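The values are calculated or read from the model by the stated rules, or taken from the named source; none is laboratory data. Remember, it's a predicted structure, so these values are computed and weren't measured experimentally. Positions of Cβ are generated from backbone atoms using ideal geometry, with glycine treated the same way; all protein chains shown enter the neighbour counts. The area values use the complete protein model at the heavy-atom level, side chains included, leaving out ligands, DNA and RNA. Shrake-Rupley method; radii C 1.70, N 1.55, O 1.52, S 1.80 Å.
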Amino acid sequence: MKKSMAVILAAVLAASTLAGCGGSQSSAPATTAAPAAADATQAAPDTQAAAQETTKAASKDTIVLRLAETQTETYPATMGAIEFARLVEERTDGRIKIEVFTGGQLGGDEQAILEQVQFGAIDFTRVNFAPMTEFAPILNLLQMPYLFTDADHMHKVIDSEIGKELLDSVEAGNFIGLALYDAGTRNFYNSVRPIKTVEDMKGLKIRTTQSQLIVDMVEALGASATPMAFGEVYSSLQTGVIDGAENNWVSYDQNSHYEVAKYISLDGHTAPPEILVCSKMVFDKLSPEDQQILRECAKESELWERGKYGEIEQEAIDKVVAAGSEVNELEDREGFVKAVEPLYEKYAGDYMDTMQAIIDMQ
């Protein structure tokens, strides 16, 4: 194991150097017009019965599902989820309708939503990768720091058999993985100083997700990790409760974090996708044909979102730079990679073959 680990860590270091319908809420009757004859006495009994049976059948055959989103309609992965819903309705001629609730309208934060999806109270959600690792630890592979050389490397993994294996892994948590949406690379940003070397991380209070891997990564780099709900980040940066955070360009822009943390460093520590899942309890109640439609539409939305993400990311970069954000490149990327080496043994030790296969795809 140790020899295998050494080989993999060396590969990562070299790559980084080169880079320099479920329950009651999920099934509802369609709106169906009343029979045209207003005077029942004028309609033959068999005609009335036929109309009633037609209405009953239409109600039974129409499936309404709910998809919970925490981000706004302009966030790329949310747009991907909305496209998924559109495709499903189109492909089924309106027989399956997926209502998308954005901005945390349905279910609260990601952790609360996942618990409700797990038990079929909500049908679908699209979430950050971090909370899903609790149900499928192998997903930590796509969060390993400084693993991917660029976006193309990550896309190759998602489109491969490894990507399918990772999607399938969530079934153990009572979910069905449907799509892996592009979420760009995550960088550090803060309100105190530029980050160019590992020494610059020392003493900074950095907000993280509730992922122990990300907490350990920040601590390994010398900063103080502060797990916090995403909605609290702006005010915490503004008041000095935290000095910085880590996220992708789009979130940095769309949540206005650039207004209170102008220093952003392009370290690209992780590039985890975001995941669209369905409640297994809900999925299992669908016919095999409808299950296949969901899978096909999810994959189509995945590819559609990938193209959309690139457009929106560039718009975000242009906007925050024009607003005065200071963009910095790392001067000692190898120092960052070496600092997080112990995390590979801790979080990827059980999946070394898969890890090596990911590295080989670069």
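For the stretch 228-362, averaging the sequence separation of C-alpha pairs within contact (under 8 Å, six or more residues apart) and dividing by the residue count gives a relative contact order of 35 percent. When the accessible area of the stretch 183-288 is split by element with a 1.4 Å probe, what percent falls to carbon and sulfur? Using a 1.4 Å probe with all protein chains present, the stretch 183-288 comes out at 48 percent carbon and sulfur.
Relative contact order of the stretch 67-167, please, whole-number percent, based on alpha carbon pairs below 8 angstrom and at least 6 residues apart.
Relative contact order comes out at 27 percent.
Here the stretch 160-287 has an Rg and Dmax of 17.2, 57 Å, counting Cα atoms alone. Here the stretch 111-161 and the stretch 268-340 have alpha carbon centers that stand 10 Å from each other. One decimal place: the segment Ser287-Leu266 gains 2.9 nm when fully extended, by the rule 0.36 nm per residue minus the C-alpha distance. Of the peptides 169-178, 205-214, the order by per-residue mean of other Cβ atoms within 10 Å, starting with the highest, comes out as 205-214, 169-178. The residues of the stretch 199-257 present an accessible area of 35 Å² per residue when probed at 1.4 Å with all protein chains retained. Amide H to amide H, with H built 1.01 Å from N, Lys205 comes under 5 Å of Ser224, Asp243, Gly244, counting only residues 5 or more places away or on other chains. Positive contributions from Lys and Arg (+1) and negative ones from Asp and Glu (-1), summed over other residues with Cβ under 12 Å from the Cβ of Gln212, come out at -2.
Starting from the Cα-Cα distance between Asp168 and Asp109, subtract it from 0.36 nm times their residue separation and give me the gain in nm to one decimal.
Details: separation 59, 0.36 × 59 = 21.24 nm, distance 2.36 nm.
Working it through step by step, the gained length comes to 18.9 nm.
Can you work out the accessible area per residue across the stretch 268-362, with the rest of the protein chains kept in place, probe 1.4 Å, in square angstrom?
Details: 4360 Å² over 95 residues.
Normalised by residue count, the accessible surface of the stretch 268-362 is 46 Å².
Computed packing ranks the peptides 99-112, 146-159 as 146-159, 99-112, most packed first, by mean other Cβ atoms within 10 Å.
Subtract the Cα-Cα distance of Glu331 and Phe119 from 0.36 nm times their separation in residues, and report this length gain in nm to one decimal. Intermediate results must be reported in sequence, preceding the final value.
On the way: separation 212, 0.36 × 212 = 76.32 nm, distance 4.76 nm.
That pair, Glu331 and Phe119, stretches by 71.6 nm at full extension.
Tell me, what % of the accessible area of the stretch 90-150 is carbon and sulfur with a 1.4 angstrom probe? In the stretch 90-150, the share of accessible area belonging to carbon and sulfur is 47 percent. Dividing the C-alpha radius of gyration of the stretch 264-335 by 2.2 N^0.38 Å, with N its residue count, gives 1.72. A crude spin-label estimate for the pair Lys202 and Ser160, with each label 7 Å from Cα along the Cβ direction, gives 3.9 nm. Distances between placed amide hydrogens fall under 5 Å for Asn247 paired with Asn187, Tyr189, all partners being 5 or more residues away or on another chain. Calculation over all alpha carbon pairs of the stretch 207-362 in 10 angstrom steps from 0 returns a P(r) of 8, 27, 32, 24, 8, 1 percent.
Per residue, the accessible area of the stretch 135-182 comes to 31 Å², computed with a 1.4 Å probe over protein heavy atoms only.
Across the stretch 114-123, coupling constants 3J(HN,Hα) worked out from phi with the 6.51/-1.76/1.60 Karplus curve, θ = phi - 60°, read 4, 5, 6, 5, 4, 10, x, 6, 10, 7 Hz, and Gly and Pro carry x.
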